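Chemist: Attaching a single structure in structure tokens format; questions to follow.
Just so you know, all these numbers are worked out from the coordinates, no wet-lab data involved. Fair warning: this is a prediction, and the values are worked out from it, not measured in the lab. When we count neighbours, we look across all protein chains shown, and the Cβ atoms used for this are built from the backbone with ideal geometry, even at glycine.
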Amino acid sequence: MRHDFITFIDCIPSAIVLVDVDGTILGVNREAERLFNYERCELENCPLEKVIPDSKDLWQVVSAKDQYPG
């Protein structure tokens with residue numbers, strides 16, 4: 001299933017970075033590899049801040065909105 005999903009997002013021409021609720025990178029597509037100049041295996045299981053500095057602050061805002069919709 002994961003392989004099928006990665007194959008699907010690899011076809012998308014925009015960079016896609018999949019992260020979990022803690023901001024850990026779960027997967028990326030080819031365009032994200034090209035944009036950030038890293039191989040997929042170098043990004044998976046790393047913090048999002050590796051490619052997007054200060055993303056921790058942004059991530060906290062997004063997470064808070066999910067917890068307190070309105």
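Chemist: If packing is taken as the average count of other Cβ atoms within 10 Å, what order do 42-55, 21-34, 4-17 fall into, highest mean first? It would help to have the intermediate numbers written out before the result.
Modeler: Working: 42-55: 14.6, 21-34: 16.6, 4-17: 12.5.
Most protected by this proxy first, the peptides run 21-34, 42-55, 4-17.
Chemist: Then there's this: Count charges around E33 for me, please; just the other residues with Cβ under 15 Å from its Cβ, Lys/Arg as +1, Asp/Glu as -1. Walk me through the numbers on the way to the answer.
Modeler: Working: positive: R30, R34, R40, K50; negative: D10, E31, E39, E42, E44.
Every neighbour counted, the sum reads -1.
Chemist: Still on this model: So, counting K/R as plus one and D/E as minus one, what does the shell of residues with Cβ under 9 Å around P47 add up to? Walk me through the numbers on the way to the answer.
Modeler: Working: positive: K50, K56; negative: D22, E49.
Residues close to P47 contribute a combined charge of 0.
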